[in-house]
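Peer 1: Mind having a look at this structure? Questions to follow.
The values are calculated or read from the model by the stated rules, or taken from the named source; none is laboratory data. Since the structure is predicted, the reported quantities are computational estimates derived from the model, not experimental observations. Ideal geometry is used to build each Cβ from the backbone, glycine not excepted, and the neighbour counts take in all protein chains shown. Note: areas computed on protein heavy atoms with side chains; ligands, DNA, RNA excluded. Shrake-Rupley method; radii C 1.70, N 1.55, O 1.52, S 1.80 Å.
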Amino acid sequence: MSRFEDLYPTKIIGSKGADAQRLGAQSTRSPPEHCWSGRKQNFFRWAGRRLGQRLWALPGDQHGTISILAVFAALMLTILLGMVMNVGREVNGKVQMQNAADSAAYSGGIVLARGMNILAFTNHLLCDVFATTAFLREGYQRNAEKHVPRILAAWQKAGETLAGLSFGDPSIRGLMTMEQKIPRLGRAILAKLPHEQELVRTYSQWAAAAAERLLPLFEQILQQEMIPQYQRAVVAVFPELAQEAALEVARRHSSSSRTILAVLWDPATGQPVSASNSYQSVLPVVDAEWTGGIYLQKARQQRQRRAQNYLNQLNSQALWVFDHPASLSRFNDLWRGYTCGHLMKLLNEEYPDRNLPFMIRTEEREVLDIPSAQNALLDSDFTFIAVAYSRHLPSMAPRVFPQPIQGGAMAFAQIRLFVPWRRLVYSEITEGGSTDPATPFDPPPGSTPGRVVGWTVRREHWRTLPVGGLPPLPDQRNAWDLFNQSWTVQLVPASHPNLAAILQTPPPVPELAGFQLPSLGGLTTQEIQQISFH
């Protein structure tokens with residue numbers, strides 16, 4: 001067999017047509033040597049026609065179509081799955097960031113509210129110390145006791161006179177009755193006088209013993225200004241505590257994939273909340289002793305009013321026996337007069353400009369009675385913003401789904417420090433016209449069935465409950481001041497005018513060093529509100 005036949009068999013299987021038969025017939029015979037080139041040309045001609053037939057029939061051939069579609073479908077599903085997973089991760093990350101910002105703002109605001117309540121409590125404590133010091137000074141000096149013997153001596157004469165009275169003719173029935181009563185009254189007075197004298201002596205000894213132990217302590221508290229010093233420490237420390245609380249709460253919202261940190265901002269100054277970030281304190285309070293001016297006068301007035309109220313409560317409880325069963329000696333009036341004198345000496349002579357209560361920076365009438373300036377005052381003194389910072393979550397297939405925002409991720413929340421307003425309550429109208437707080441559904445406990453003649457709605461505040469059985473002071477009703485211990489905080493829409501500036505200010509926190517702020521492209525606060533409805 002020739003070399004051509006070894007490489008290209010002469011029998012063609014499956015060929016059809018005249019050319020194939022002729023070629024097959026010719027191939028059965030051994031070709032001469034000079035036909036080698038012709039046979040080669042015929043073979044390539046046949047192979048070309050065969051290839052053309054196959055290419056011409058290819059568009060109509062459906063074998064393997066599903067495989068091609070499956071490849072494209074798998075590719076599309078893979079892209080769609082990546083997009084869904086990236087969107088889900090971004091949404092979950094946004095919710096996580098917003099929860100961290102809300103929690104940081106609320107936690108930091110709660111700490112500031114507690115600082116306000118502590119200042120209010122220590123203001124009350126300061127006034128109570130003045131009242132107790134005046135009470136103990138009288139117990140130590142025992143001035144009222146010195147006048148009791150003369151008063152009781154006068155009652156001794158009156159009792160002897162009444163006991164020895166005689167009305168003459170006993171035949172007159174009316175005179176007979178008086179003759180029986182008036183001498184009996186005189187004898188009762190004479191019998192009561194030693195007991196009252198003993199009661200005054202015992203009470204004075206008790207007050208002197210209490211003053212001997214307690215008066216030096218109270219005098220030292222006032223001399224060293226311990227309460228104002230503590231209040232100044234609260235004003236300095238609690239902003240730092242609020243900042244740490246916001247940072248830690250945001251960190252608690254972190255996950256294994258990223259860390260979230262937060263900063264509590266004072267939008268009035270555009271600085272993070274701290275002890276020394278502005279010329280005025282973060283808390284909306286004023287140290288009247290250092291500030292002076294109108295605050296000094298108001299602090300004196302409030303201190304005197306509160307201290308006098310506490311002294312009245314203390315005397316009412318301590319002198320009850322002299323107000324009712326043992327009133328002949330008038331020791332109660334003497335004691336009250338002397339303790340009031342001691343209090344006025346403490347307030348006006350010894351400490352006129354020291355040991356003053358802290359004052360709130362914004363008056364209630366400025367917050368409520370000036371609608372045009374109400375929001376501005378609240379924004380300047382009672383509003384804070386928390387911003388949460390974190391890096392963006394890494395995208396799946398970052399070449400296909402690149403992060404459109406350059407820089408880190410942020411979320412923000414705003415809180416407002418305030419005192420709750422008076423609330424609406426239902427009151428029962430009884431037959432006598434009095435009203436008792438109750439509900440419109442059930443009668444109050446202990447009420448008589450059938451006595452309720454109607455219901456009314458009025459404003460009442462739960463802080464106005466009487467203390468020690470005494471009615472509250474006029475300025476205790478819905479008081480927007482620093483004697484009110486109901487300061488709290490609430491989340492509000494982020495609408496502060498300085499929001500955009502705060503979001504573009506790098507946080508001066510060591511843990512956030514190197515954090516790249518996202519570019520807002522010059523957006524204003526109003527434009528940010530249109531994007532975020534938080």
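Peer 1: Sorted by accessible area (1.4 Å probe), largest first, how do VAL321, VAL200 line up?
Peer 2: Values: VAL321 45, VAL200 0 Å².
Result of the area sort, largest leading: VAL321, VAL200.
Peer 1: Output the pairs from LYS192/LYS345; LYS146/LYS181; LYS298/LYS345 with a Cα-Cα distance over 25 Å in this structure; if there are none, say none.
Peer 2: Details: LYS192/LYS345 36 Å; LYS146/LYS181 32 Å; LYS298/LYS345 18 Å.
From the list (LYS192/LYS345; LYS146/LYS181; LYS298/LYS345), the Cα-Cα distance tops 25 Å for LYS192/LYS345; LYS146/LYS181.
Peer 1: Going by accessible area, probe 1.4 Å, with all protein chains left in place, what is the ranking of TRP320, TRP487, largest first?
Peer 2: Details: TRP320 150, TRP487 10 Å².
Ranked from most to least accessible, the order is TRP320, TRP487.
Peer 1: On to the next question. Can you list residues from other chains, or at least 5 along the same chain, whose modelled amide H is less than 5 Å from the amide H of TRP265?
Peer 2: Amide H neighbours of TRP265, under 5 Å, 5+ apart: VAL273, ILE385, ALA386, VAL387.
Peer 1: Convert each backbone phi in the range 98-105 into a coupling constant with the Karplus relation 6.51 cos²θ - 1.76 cosθ + 1.60 (shift: θ = phi - 60°), then list the ³J(HN,Hα) values in order as whole Hz, x for Gly and Pro.
Peer 2: Karplus-based 3J(HN,Hα) across the range 98-105 equals 5, 4, 5, 5, 4, 5, 5, 5 Hz.
Peer 1: Which cross-chain or sequence-distant (5 or more) residues have an amide H under 5 Å from the amide H of VAL492, H modelled 1.01 Å from N in plane?
Peer 2: Amide H neighbours of VAL492, under 5 Å, 5+ apart: GLN414, ILE415, ARG416.
Peer 1: If you don't mind, another one. Just by accessible area at a 1.4 angstrom probe, what is the order of MET359, MET344 from largest to smallest?
Peer 2: Ranked list, largest accessible area first: MET344, MET359.
Peer 1: A further question on this structure: Tell me whether the range 82-155 comes out rounded, prolate or oblate; compute the Cα gyration tensor, take square roots of the eigenvalues as a ≥ b ≥ c, and use a/c under 1.5 as the rounded threshold.
Peer 2: On the way: a/c = 13.80, a/b = 7.79, b/c = 1.77.
Note, shape of the range 82-155 comes out prolate.
Peer 1: For VAL285, enumerate residues with amide H under 5 Å from its amide H, sequence gap 5+ or separate chain, H modeled in the peptide plane.
Peer 2: ARG361
Peer 1: Ranked from highest to lowest mean number of other Cβ atoms within 10 Å per residue, what is the order of the peptides 202-214, 104-116, 511-523? Please list the in-between numbers first.
Peer 2: Numbers: 202-214: 15.2, 104-116: 24.2, 511-523: 11.8.
Sorting 202-214, 104-116, 511-523 by mean packing, highest first, produces 104-116, 202-214, 511-523.
Peer 1: Could you go through the range 195-206 in sequence order and give the Karplus-derived ³J(HN,Hα) for each residue, using 6.51 cos²θ - 1.76 cosθ + 1.60 with θ = phi - 60°, rounded to whole Hz, and x for Gly and Pro?
Peer 2: Per-residue couplings from phi come out as 5, 5, 4, 5, 5, 5, 5, 5, 4, 5, 5, 5 Hz.
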